[in-house]
Amino acid sequence: MTDAKKPLPKVGFFDFTSCEGCQLTVVDCLQTHPELLDVIDIVEFREAMTGHAERYDIAFIEGSCTRPSDEERLASIRARATVVVALGACAHIAGINAIRNNMSLAEVRNIVYGTEGDKFESYPARPIGTVIKVDFMVPGCPISSEEFLQIVTVLLQGRSPELPDYPVCIECKLRETVCVYHRGRTCLGPVTRAGCRAICPAAGYECVGCRGLTSNPNLESLEQVMAEHGLKSDAMQSRLDMFLAWEMNERRAKEASRE
């Protein structure tokens, strides 16, 4: 007799407040790399199938937590999953959704829902890691399909993915890309986590920080350089808050608590 075939790891994909672009990247990835379906069993993925499971070996969660009822659903996913991975900027650092955190909740509700605002539950956007334990993350907006494949491969091997903790500038140098600042524009590459292969500067655009801050960003130096290139304080804050609003507000709150 031969041993029964070992069951494939059960994988689920879940969405909260987001554009769901990261999940669409996964769908595209599965079309170009169908062999991935030979080593995992996708049991829940609203973007691509109907289905539900009680347990997951890996749960990928896209989107930020933006309402009280999200917390209960996140806790339920966490309780049923062995590994939870934050998929993309919204889940990882609250992403663009956190821009709302710089406005009053009443103002946000009025802009989005008009006079019906009070009928909808909402509160400041947060990364899912502030609600449940997140084991790993796939940064970016949207995620890189190559990085997604690498992280899935590492997880299936029972290892822990290691993300770069150096700035995008390093990757620009490796690609011999002319610095965006030398082109007369500003860029968040000096403080943003690498791993994207500096695709935006290589294409002639500035880095907007969608992969989040490095663990020890020199924001003071960045702001000084940005000011030297003509970016005024309000414009500078707007640039930083596009993807980094939650992280920046957390840093500001910590600095204020030390004073």
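Observations, loosely collected:
- Among Leu222, Leu24, Leu174, the largest mean-square fluctuation in a Gaussian network model of the chain (Cα springs under 10 Å) belongs to Leu174.
- Listed by chain and number, the aspartates and glutamates placed with their C-alpha closer than 20 angstrom to that of Lys133 are Asp15, Glu54, Asp57, Glu62, Asp70, Glu71, Glu72, Glu162, Glu247, Glu250; residues fewer than eight positions away on the same chain are left out.
- The alpha-carbon of Lys6 sits under 13 angstrom from the alpha-carbons of these aspartates and glutamates, leaving out residues fewer than 8 places away in its chain: Asp38, Asp41.
- Note on Arg159/Arg80: beta-carbon distance plugged into 1/(1 + (r/R0)^6) with R0 of 22 Å gives a FRET efficiency of 0.45.
- Matching label, Cα extents along the principal axes in Å computed from the structure shown, candidates (1) 74, 52, 35; (2) 73, 47, 40; (3) 73, 53, 27: (1)
- Dipole of the chain, positive end: most advanced residue of Ile93, Val43, Val178 [Cβ charges, Cα centre]: Val178
- Förster radius 22 Å - calculated FRET efficiency between Arg185 and Glu250 (Cβ-Cβ, nearest 0.05): 0.20
- The stretch between Gln224 and Ser122 holds 33.1 nm of extra length on full extension. This uses 0.36 nm per residue minus the Cα-Cα distance.
- The GluC sites (Glu not before Pro) of the range 171-239 that meet both conditions, a loop assignment by DSSP and at most 10 other Cβ atoms within 10 Å of the site Cβ, are Glu176.
- Legend: calculated FRET efficiency, Lys133 to Ala106, from the Cβ-Cβ distance at R0 = 35 Å, rounded to 0.05, equals 0.60.
- Taking every DSSP beta bridge that has both ends in the chain, the antiparallel portion is near 20%.
Bear in mind these aren't lab numbers, they're just calculated from the coordinates by the rules spelled out. Just so you know, these numbers come straight off a predicted model, no measurement behind them. Methodologically, a virtual Cβ is constructed for each residue, glycine included, from the backbone with ideal geometry; neighbour enumeration extends over all protein chains shown.
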